[in-house]
Amino acid sequence: MSFRDNLQHLRATRNMTQEQLAMLLGVSRQSVTKWEAEKSYPEMDKLIKICQLFDCTLDDLVCGDLTARPVEQTAVPAGPAKDICGYDDHWRGFSARVACGSALCVLSLAAPSLLEGEAGVSFGLLRVSSTSALGTFLMFALIALGCALLIPDGISHAAFVREHPFVEDFYTAEDRRRASRLLSTFVATGTILVLLAIGTSALFEDSGGKDAAFLATMAAAVGTFAWGGLMYGSRVNVAAYNLSAVDDLSDSEIDILPLEEAERAELRATRERNKRIERTCGVIMLVATIVGITWLFVGKVLDPAGTASTGLSLSRLFWLTWVVGGIGCGLATIAIKAR
């Protein structure tokens, strides 16, 4: 008997789908499909995992005949899908760390303004005091702490996606309705915080206190948006999570999927669309960064003393270019999807 026949029968003895086996082995569903279509062969570590999972020897799996093995009592029961790879726990931790790290990075900008001395140098929203080394130290400490959360979290999330490129959707309709309600609440709360930041900054006459109040409240808004978007938007959208794996599939891999031709064509179109969105958004944000940095230094040249009225100084509004860039990315994504 062939490895393909043995693997198909072993799955049948456990009432296990290709998706479930793929999640247990840390591969994509397409990989299991290719194994059973004899288009490719698993690596040695995957073969060992299969032997451990089905309690068989490597010789029996590859060269023997396991098709006589009866259905086991430990078969995976039919019914609602289960979270067997820790998907929900991963997203909860990932969302919390991204929200905290993003908020800390924004909050760091408030430290020099809050602790500035009598003399200082203004860099847009940042006013670094020449007599307050504590403010500068606190700024870099908060940035380091934010990066300590964001960078390892991004690496671990990428590793999780590579290990579990396909997850069977186990969320119920009630789970999605609840997530939708909570997402609306977080968006409303973040919007209120942004408006509060603008209003709060008007209560301070000195620029240091004004900048610090504005940025501290904006940090809370950023954390709220990040937590709500990831936790109650991206987390429950398992279909979008699975669809992201399409970007890494070649045409030959799509061809062997057990799908209708129209579905294969849709997958190819989705892959090309995602690539266009990625390229377009990358260009938009690159332009926004160039314009923002140019705006900052042009503002300093035209107003080196920082005496322009609040809200009119170019150097104090340079950060708006990234806001406009984010909006541009959103509009570009909508336009590309509409096409």
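The values are calculated or read from the model by the stated rules, or taken from the named source; none is laboratory data. If you're wondering where the values come from, they're calculated on a predicted model, not measured in any experiment. Cβ atoms come from the backbone with ideal geometry, glycine included; neighbour counts cover every protein chain shown. We work out accessible area using only protein heavy atoms, side chains counted, and drop any ligands, DNA or RNA first. Shrake-Rupley method; radii C 1.70, N 1.55, O 1.52, S 1.80 Å.
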- Among the residues of segment 317-336, is there at least one that is buried (at least 16 other Cβ atoms within 10 Å of the Cβ), part of a helix (DSSP H, G or I) and modelled with pLDDT under 80? no
- Looking at segment 50-61, is at least one residue part of a loop (DSSP other than H, G, I, E, B), out of contact with any Asp or Glu (no Cβ under 8 Å at 6 or more places or on another chain), at pLDDT 85 or above and open to solvent by less than 40 Å² (accessible area, probe 1.4 Å)? yes
The lone condition Ala179 fails out of (1) over 30 Å from Val298 (Cβ atoms); (2) open to solvent by less than 30 Å² (accessible area, probe 1.4 Å); (3) modelled with pLDDT under 90 is (3)
Selection from segment 19-38 of residues farther than 15 Å from His164 by Cβ and either in a helix (DSSP H, G or I) or touching a residue at least 40 places away in the same chain (Cβ under 8 Å) (or both) yields Thr33, Lys34, Trp35, Glu36, Ala37
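Of everything in segment 263-287, what is in contact (Cβ under 8 Å) with a residue 40 or more places away in the chain and not polar (S, T, N, Q)? Give them in sequence order.
Arg273, Arg276, Ile277, Cys281, Ile284, Met285
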When segment 22-35 is checked residue by residue, the ones that are modelled with pLDDT under 85 and of a type outside the set (A, V, I, L, M) are Gly26, Ser28, Arg29, Gln30, Ser31, Thr33, Lys34
Inspect all residues belonging to segment 83-99 and state whether any of them is surrounded by fewer than 19 Cβ atoms within 10 Å (Cβ to Cβ) and at pLDDT below 80.
yes
Sole miss for Gly124 among (1) at pLDDT 70 or above; (2) under 33 Å from the mean Cα position of the chain (by Cα) is condition (1)
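Condition first: open to solvent by 20 Å² or more (accessible area, probe 1.4 Å) and among the acidic types (Asp, Glu). Now tell me which residues in segment 8-38 satisfy that.
Those that are open to solvent by 20 Å² or more (accessible area, probe 1.4 Å) and among the acidic types (Asp, Glu): Glu19, Glu38.
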When (1) modelled with pLDDT of 80 or more; (2) not in a loop (DSSP other than H, G, I, E, B) are applied to Met16, the one that fails is (2)
Within segment 44-62, residues being free of Cβ contacts under 8 Å to residues at least 24 places away in the same chain and either over 17 Å from Ile84 (Cβ atoms) or charged (D, E, K, R) (or both) number 10
Conditions (1) in a helix (DSSP H, G or I); (2) open to solvent by 60 Å² or more (accessible area, probe 1.4 Å); (3) free of Cβ contacts under 8 Å to residues at least 40 places away in the same chain -> Tyr41 fails only (1)
